[in-house]
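Below you'll find the structure, written out as structure tokens, and then a few comments.
The values are calculated or read from the model by the stated rules, or taken from the named source; none is laboratory data. From a predicted model like this one, the values you see are computed outputs, not experimental measurements. Cβ placement follows ideal geometry from the backbone for every residue including glycine, while neighbour counts extend to all protein chains displayed. Areas reflect the complete protein model, heavy atoms only, side chains present, ligands, DNA and RNA absent. Shrake-Rupley method; radii C 1.70, N 1.55, O 1.52, S 1.80 Å.
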Amino acid sequence: MKLANYVGGTWVEGSGDGAPLFDPVLGDELARASTDGIDLSAALDYARRTGGPALRAMSFAERAQMLGKISDTLAANRDRYFELAQANSGNTQVDASIDVDGGSGTLKYYAYIGGKLGDANYLTDGALERLGKDEAFQAMHLLVPLDGVAVHINAFNFPSWGLWEKAAVALLSGVPVLAKPATATALLSHAMVKDVVEAGIVPDGALSLICGGARELMDHVASGDAVAFTGSAETAHLLRGHANVIRNSVRFNVEADSLNVSVLGPDAAAGSPEFDLFVREVAREMTVKAGQKCTAIRRALVPAAVIDAVTDALADRLGKTVVGNPRDETVRMGPIVDKVQQKNVLDGIKQLQAEAKTITGDGSFEPVGADPEASAFVPPTLLRCDTPDEADVLHKVEVFGPVSTLMPYDGAEQAYGLAARGGGSLAASVFTGDDGFAAEAALRLAPTHGRVLVVDEAVGKSSTGHGIVMPQCVHGGPGRAGGGEELGGLRGLRFYHQRVAVQGNSGRLHALAEGAAELTV
Ligand code: NAP
């Protein structure tokens, strides 16, 4: 089966053999994907000329309703999507839920907050400001939807969530979407878009999909378009630095890789509630999605006094994690997405091992219910480095798999310094029962992180976790994490709007403002 592309309002197969998509457990080929022969320039143009005007003519309430219907369509097909996520990504039920339910949940959330914006189709940002001596002459800022297309390039690890978290914000803003999932796991994205298109929920041209290589896509983006990229820092550099992108000042948001930290507070003695919550969270972050989450904990910083206790507790927990074929109900961790990524992870582990000793993951390993040769498994691999100040690679190389490194610290200053050596990350977490340390750590970690989760016993149960991205909160991080910002409630809409200062007669400005919704509702 070759996955068709949805461009220009029709499904079109790419030419040639296409790239294969595999089942990472069984090794079977599931489908092929090709964009060869597809006119990418015409595809973007169709979205701009057909989808854009249709969406901009709709109010926020109507667009919100559309998001709600997309979410309902996805929810109705949930079981089939879980099967596809299991087949093409080796997902367990928990993994598939994070991806599939995460996608439909984010759409639902934006349907809800978008509905509050009512009949308007543009936004005010702030109040009127008097500019001169005369009351009559004033200014205000409006946010109007971009008149181009939102190009969404996604990573392989979230073929559902990545697609819909981006589309929700762009479509609510009134900007058509051309989505390009990562080829390796495009099966699920393709099935979902097909269902949404067949349900007749989105206007013609509002949602396009290409399955396969992006080829020269960046040659055809134009001013007024907005590109949102998720993937490796290397690809991000290449695309953000593309001459056409620079020449036309095309908006470009990057969500790239990250050396996220979790810090166990100096107060947390072995056996304390925060100690136990920390151990559970590090193990969970290593094993959910087999560690293939951009927000996963890569470096776990613990007070030197308890490093041995943490090492033992984590090794014990990871030792009990059943790794193998997710079709087996006892299995809690699945494979890496394919053989290429498996090799990348194994090579990465070797690099880290030059600076750290291996606590778990060495030695013989047999995945449950799977052939080790045909499949792409890597065991949960816990490393430990007792001299983290001297380490280099551990703070630089993101190994995108079930891998994390324990590091002891001596005093809070050292912990903050080590955290910052990640060069800018998506998420940090702090586990502490000490209110003073909690406040200080949140502020000290803030300049180098997009999100800081602070956990104590009181929120241990209700916390959504270190690695889970919530649409209410900013997703993005400074520095090597890409410097981007997605989601974060209504403020996430700014990326798809032009902010314009309008100056003139205050009476006229008031009339314009009355037709708008406020960004802050
Ligand atoms: P990748 O190799 O950089 O690919 C990302 C996307 O870019 C894919 O859709 C890929 O398409 C596409 N691409 C590659 N070359 C391109 C080109 N020349 N023009 C246009 N598109 C191009 O990354 P990945 O291996 O899929 O993802 C893993 C990385 O993503 C990890 O480093 C992880 O940290 C990061 N990540 C970040 C976040 C976040 O939210 N910050 C989330 C998930 C993952 P093909 O698949 O067709 O090559």
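What the table shows:
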{"quantity": "Selection count where residues are more than 11 Å from the ligand (Cβ to nearest atom) and open to solvent by less than 10 Å² (accessible area, probe 1.4 Å), scope the stretch 143-162", "calculated": "5"}
{"quantity": "Check on G422, more than 17 Å from the chain's Cα centre (by Cα), within 16 Å of the ligand (Cβ to nearest atom), touching a residue at least 40 places away in the same chain (Cβ under 8 Å) and surrounded by 14 or more Cβ atoms within 10 Å (Cβ to Cβ)", "calculated": "yes"}
{"quantity": "Which numbered condition G212 misses (of (1) within 16 Å of the chain's Cα centre (by Cα); (2) near the ligand (Cβ under 10 Å from one of its atoms))", "calculated": "(1)"}
{"quantity": "Test result for T520, among the β-branched types (V, I, T) and in contact (Cβ under 8 Å) with a residue 12 or more places away in the chain", "calculated": "yes"}
{"quantity": "Condition broken by G200, with the remaining ones in (1) of a type outside the set (D, E); (2) near the ligand (Cβ under 9 Å from one of its atoms); (3) under 27 Å from A75 (Cβ atoms) satisfied", "calculated": "(2)"}
{"quantity": "Pair list, Cβ < 8 Å and 6+ apart or interchain, from the stretch 452-467 residues that are closer than 17 Å to G436 by Cβ to residues that are of a type in the set (D, E)", "calculated": "V455/E274; V455/E281; D456/E274; E457/E274"}
